[in-house]
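Heads up: the structure comes next, in structure tokens.
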Amino acid sequence: MSHKIHDAMPESTNNTSYALSPQQQVVLSFIEAFIRQHGWPPTRGEIAAGLGLKNRQGIDQHLRALEAKQAIKLTPKISRGIRVC
């Protein structure tokens with residue numbers, strides 16, 4: 001999976017402000033499934049492990065992009081500080 005964040009054009013049928021890249025959609029889907037299964041959001045390490053990634057910095061880039069597109073809300077300095085919008 002590429003760790004580059006791609007700019008996307010607004011899409012009116014999406015609940016987020018902007019369309020998500022395929023990689024961002026994978027990360028968001030993982031977060032949603034994790035929350036449904038466990039009742040709480042995953043840590044960045046759990047996201048990386050769950051998606052088979054070794055680079056946690058790439059996860060941080062995806063999370064910041066998802067927040068910028070209003071798909072999630074991040075709470076700074078909180079391990080499980082991810083809320084799906």
With the first residue restricted to the stretch 58-76 and required to be among the charged types (D, E, K, R), and the second required to be part of a helix (DSSP H, G or I), Cβ contacts under 9 Å at 6 or more apart or on different chains are 60/44; 69/24; 73/67
Looking across the stretch 44-64 at residues that are surrounded by 13 or more Cβ atoms within 10 Å (Cβ to Cβ) and outside any helix (DSSP H, G or I), the single one that is modelled with the lowest pLDDT is 53
Listed by first then second residue, the pairs whose first member lies in the stretch 22-39 and is modelled with pLDDT under 95, whose partner is among the hydroxyl-bearing types (Ser, Thr, Tyr), with beta carbons under 8 Å and at least 6 positions apart or on separate chains, are 23/2
Residue 67 vs (1) closer than 16 Å to residue 21 by Cβ; (2) crowded, with 17+ Cβ neighbours inside 10 Å; (3) touching a strand residue (DSSP E or B) at 6+ places or on another chain (Cβ under 7 Å): all pass except (2)
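The values are calculated or read from the model by the stated rules, or taken from the named source; none is laboratory data. These numbers come from a predicted model, not from an experiment. FYI the Cβ positions are ideal-geometry reconstructions off the backbone, even for glycines, and counts take in every protein chain you see.
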